[in-house]
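Q: Have a look at the structure that comes next, please.
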Amino acid sequence: TTSSSATLTWATNEAATTQLEWGTTASYGNTTTLDAALVTSHSVQLTGLAANTTFHARALSTDAAANAATSSDLAFTTSSTAATVITNVQVTKNSSTSVTITWTTNEAATSKVRYGLSTDYGSEVSDLTPKTSHSLIITGLTPNTTYHYEVISTGTTTDNDADATFTTPTETAATVISNVRVIAGETIATFFWTTNEAATSKVRLGTTTSYGTVRSQDERVTDHRLQVKGLQAGTTYHYHLQSIGSTTVTTADATFTTNTAASTVGRAIPPTLLTPILKDGADPTLTLTGVAKGGQTVRIFLDGQVVATVRLTGSATKTRSFSAVIDLSDVADGKHTVYAQSTDAVGRTSLVKQRLTIVLGGTPPKPVVKVKKTSQYTVQSGDSLWRLAERYLGDGRQFQRLVDANADAFPSLLTNPRVILPGWTLTIPPG
């Protein structure tokens with residue numbers, strides 16, 4: 001029997017018809033349709049019965065000679081409800097040490113998973129909250145290991161799913177984020193970090209830990225840089241970083257504060273380069289020394305490319321010395337330009353005040369500062385900083401000098417040097 005049906009069977013000593021009388025009392029009141037087939041094994045299914053109810057029934061059979069026989073009364077009771085049934089069991093491997101097991105039941109029921117290295121199991125996780133969609137996470141597993149498990153749910157009845165197995169993945173090295181740095185301006189912030197393996201880049205930020213703003217890059221790199229614009233000046237923002245390599249890693253919540261309008265007026269104080277020491281020959285190097293304010297980050301450029309970065313400690317009111325040794329073994333013979341630029345603690349970048357010329361190959365002359373007359377140029381349609389640098393400075397890679405010389409008049413060059421508008425009057429620095 002079930003909660004709504006019952007199957008009754010009987011046998012006769014000779015072939016006979018099949019029929020039942022049934023009802024909730026021994027008076028019956030209901031009769032099934034006569035099955036005229038002459039058989040000795042008889043079966044009738046009653047459906048649509050009330051749950052948790054006692055019924056009476058008796059069998060009626062008649063042979064070919066019209067001899068009729070009637071059985072004694074049989075009482076039976078339907079069950080209270082349908083049994084709890086588990087279906088759709090699935091295992092999701094979260095990592096080499098964790099899995100999630102999910103399943104469904106036909107009625108609200110509790111959740112339990114027993115697991116172990118054999119069918120004796122030995123460990124379990126559970127949730128006593130009745131539900132029809134079940135999910136339990138198992139942690140602390142051993143990588144590359146086969147586990148037995150069974151799923152159990154208790155509703156009106158208890159259902160145990162058959163024993164099954166899963167195998168955890170081989171352990172992989174975790175992705176690690178380090179060297180996190182944030183440079184914030186008035187309305188812009190740039191995030192820098194490194195990972196121990198190539199990974200994606202994502203930053204979430206907002207004025208609360210709900211964040212709300214997301215910037216991401218799917219390219220897998222080890223040196224990460226993401227920039228967020230349109231921030232509010234003088235505002236504290238929460239943020240965390242995320243990178244996906246062989247695993248997913250997310251940093252803890254941290255904060256930074258954008259500059260107020262007053263704090264971003266002007267430029268950082270530029271560094272001063274002292275006499276460089278050029279060593280030519282089989283393993284050429286250039287040793288640069290200089291001074292800059294405490295708390296600044298000084299970047300050394302060779303032909304417009306960053307070749308060294310020095311971060312100074314101490315108070316911004318104190319002058320600190322720095323030194324950098326640049327390997328020139330992969331630099332071609334000829335003349336090259338060296339300069340330094342600094343960024344202070346509030347994200348302001350200095351102008352470039354000194355440019356040194358060095359010569360590799362033969363007997364190098366003493367490095368000198370190049371000085372020529374400053375000129376003005378009105379931007380025409382089709383111009384770009386690269387083309388103007390080629391025309392007036394001899395090398396398109398010198399476009400950063402044009403940015404430095406004109407950033408005060410046209411601040412947008414700091415964030416988008418590719419866009420210059422016809423009619424702008426640009427200062428062309430000494431070539």
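Q: Would you mind stating whether T105 is out of contact with any Ser or Thr (no Cβ under 9 Å at 6 or more places or on another chain), of a type in the set (V, I, T) and under 30 Å from P169 (Cβ atoms)?
A: no
Q: List every residue pair whose Cβ atoms sit under 8 Å apart, with the two residues 6 or more apart in sequence or on different chains, where the first one lies in segment 61-79 and is closer than 22 Å to T24 by Cα and touching a residue at least 40 places away in the same chain (Cβ under 8 Å) and the second, anywhere, is among the aliphatic types (A, V, I, L, M) and loosely packed, with under 15 Cβ neighbours inside 10 Å.
A: What qualifies is S61/A68; S61/A69; D73/A26; T78/A50; T78/A51; S79/A51.
Q: Turning to a different aspect of this structure: So the check is Cβ under 8 Å with 6+ separation or different chains; which pairs have a first residue in segment 237-250 that's under 15 Å from S210 (Cα atoms) and a second one that's buried (at least 20 other Cβ atoms within 10 Å of the Cβ) and among the aromatic types (F, W, Y)?
A: From segment 237-250, the pairs are Y239/F191; L241/F191; L241/W193.
Q: Considering segment 289-315 alone, what residues qualify as being in contact (Cβ under 8 Å) with a residue 24 or more places away in the chain, surrounded by 15 or more Cβ atoms within 10 Å (Cβ to Cβ), of a type outside the set (S, T, N, Q) and more than 20 Å from D333 (Cβ to Cβ)?
A: G290, A292, K293, G294, G295, V298, R299, I300
Q: Among the residues of segment 387-431, write down those that are touching a strand residue (DSSP E or B) at 6+ places or on another chain (Cβ under 6 Å) and either surrounded by 17 or more Cβ atoms within 10 Å (Cβ to Cβ) or of a type in the set (F, W, Y) (or both).
A: Within segment 387-431, Y392, A405, N406, L426, I428 meet the criteria.
Q: If you go through segment 315-354 one residue at a time, how many are of a type outside the set (S, T, Y), in contact with a helix residue (DSSP H, G or I) (Cβ under 8 Å, 6 or more places away or on another chain) and under 23 Å from P430 (Cβ atoms)?
A: 3
Q: Still on this structure: Name the residue that is nearest to T132 (Cα to Cα), counting only residues in segment 146-155 that are surrounded by 15 or more Cβ atoms within 10 Å (Cβ to Cβ) and β-branched (V, I, T). Full working, then the answer.
A: Within segment 146-155, the subset surrounded by 15 or more Cβ atoms within 10 Å (Cβ to Cβ) is 147-155.
Narrowing the set further to residues that are β-branched (V, I, T) leaves 151-152, 154.
Values: V151: 13, I152: 13, T154: 11 Å.
This residue is T154.
Q: Do you know which residues across segment 108-126 are in a strand (DSSP E or B) and either touching a Ser or Thr at 6+ places or on another chain (Cβ under 9 Å) or of a type outside the set (S, T, N, Q) (or both)?
A: Pass one, segment 108-126, residues in a strand (DSSP E or B): 108-116, 123-126.
Matches in segment 108-126: A108, A109, T110, S111, K112, V113, R114, Y115, G116, E124, V125, S126.
Q: Here's something else I'd like to know. From R225, R220, R267, which residue is under 29 Å from V307 (Cα atoms), modelled with pLDDT under 85, in contact with a strand residue (DSSP E or B) (Cβ under 7 Å, 6 or more places away or on another chain) and not hydrophobic (A, V, I, L, M, F, W, C)?
A: Answer to the selection: R267.
Q: Quick test for you: out of K112, K93, K131, pick the one residue that is basic (K, R) and closer than 30 Å to W193 by Cβ.
A: Being basic (K, R) and closer than 30 Å to W193 by Cβ holds for just one of K112, K93, K131, which is K93.
Q: Considering segment 80-95 alone, what residues qualify as being surrounded by fewer than 16 Cβ atoms within 10 Å (Cβ to Cβ) and assigned to a loop (DSSP other than H, G, I, E, B)?
A: Across segment 80-95, the qualifying residues are S80, T81, A82, A83, V85.
Q: Moving to a separate point now. Within segment 96-105, is there a residue that is modelled with pLDDT under 90, out of contact with any helix residue (DSSP H, G or I) (no Cβ under 9 Å at 6 or more places or on another chain) and not in a strand (DSSP E or B)?
A: So far as segment 96-105 goes, yes, one or more of its residues are modelled with pLDDT under 90, out of contact with any helix residue (DSSP H, G or I) (no Cβ under 9 Å at 6 or more places or on another chain) and not in a strand (DSSP E or B).
Q: Of the residues that sit in segment 361-381 and are in contact with a Gly (Cβ under 8 Å, 6 or more places away or on another chain) and modelled with pLDDT of 75 or more, which one is surrounded by the most Cβ atoms within 10 Å (Cβ to Cβ)?
A: Among those residues, the one meeting the criterion is V379.
Q: Tell me which of these S384 doesn't satisfy, since it passes every other one: (1) at pLDDT 80 or above; (2) surrounded by fewer than 18 Cβ atoms within 10 Å (Cβ to Cβ); (3) closer than 26 Å to G294 by Cβ.
A: For S384, the exception is condition (3).
Q: Which condition number does T33 fail, the rest of (1) among the polar types (S, T, N, Q); (2) in contact (Cβ under 8 Å) with a residue 24 or more places away in the chain; (3) not in a strand (DSSP E or B) being met?
A: The number of the failed condition is (2).
Q: Oh, and also: Is one or more of the residues making up segment 38-48 within 16 Å of T77 (Cα to Cα), touching a strand residue (DSSP E or B) at 6+ places or on another chain (Cβ under 6 Å) and not hydrophobic (A, V, I, L, M, F, W, C)?
A: Yes: one or more hits.
Q: Right, here's the next one. Scan segment 105-138 residue by residue and report those that are closer than 17 Å to T167 by Cα and under 29 Å from the mean Cα position of the chain (by Cα).
A: V113, L136, I137, I138 - these are the residues of segment 105-138 that are closer than 17 Å to T167 by Cα and under 29 Å from the mean Cα position of the chain (by Cα).
Q: Working carefully through the options A6, A36, find the one that is small (G, A, S) and over 30 Å from A162 (Cα atoms).
A: Going through A6, A36 in turn, just one is small (G, A, S) and over 30 Å from A162 (Cα atoms): A36.
Q: State which residue is farthest from T18 (Cα to Cα) when the search covers only segment 45-61 and only residues that are under 60 Å from the mean Cα position of the chain (by Cα) and not in a loop (DSSP other than H, G, I, E, B).
A: Ranking the candidates gives T54 first.
Q: Restricting to segment 115-135, what's the tally of residues that are out of contact with any Phe, Trp or Tyr (no Cβ under 9 Å at 6 or more places or on another chain) and surrounded by 13 or more Cβ atoms within 10 Å (Cβ to Cβ)? Don't jump to the end; show me each part of the working.
A: So in segment 115-135, the residues out of contact with any Phe, Trp or Tyr (no Cβ under 9 Å at 6 or more places or on another chain) come out as 118-120, 126-132.
Going one step further and asking which of them are surrounded by 13 or more Cβ atoms within 10 Å (Cβ to Cβ), we end up with 127, 130-132.
Total meeting the criteria: 4.
Q: Same structure, new question: I'd like the full set of residues that are among the hydrophobic types (A, V, I, L, M, F, W, C), over 17 Å from T9 (Cα atoms) and touching a strand residue (DSSP E or B) at 6+ places or on another chain (Cβ under 7 Å), limited to segment 49-66.
A: Selection gives L49, A64.
Q: Take E171 and tell me if it is in a loop (DSSP other than H, G, I, E, B), under 30 Å from E124 (Cβ atoms), charged (D, E, K, R) and at pLDDT below 90.
A: On the way: in a loop (DSSP other than H, G, I, E, B): yes; under 30 Å from E124 (Cβ atoms): yes; charged (D, E, K, R): yes; at pLDDT below 90: yes.
Taking the combined requirement at face value, the residue satisfies it.
The values are calculated or read from the model by the stated rules, or taken from the named source; none is laboratory data. Predicted model only: the values in this text are computed from it and were never measured. Positions of Cβ are backbone-derived with ideal geometry, glycine not excepted, and every protein chain shown enters the neighbour counts.
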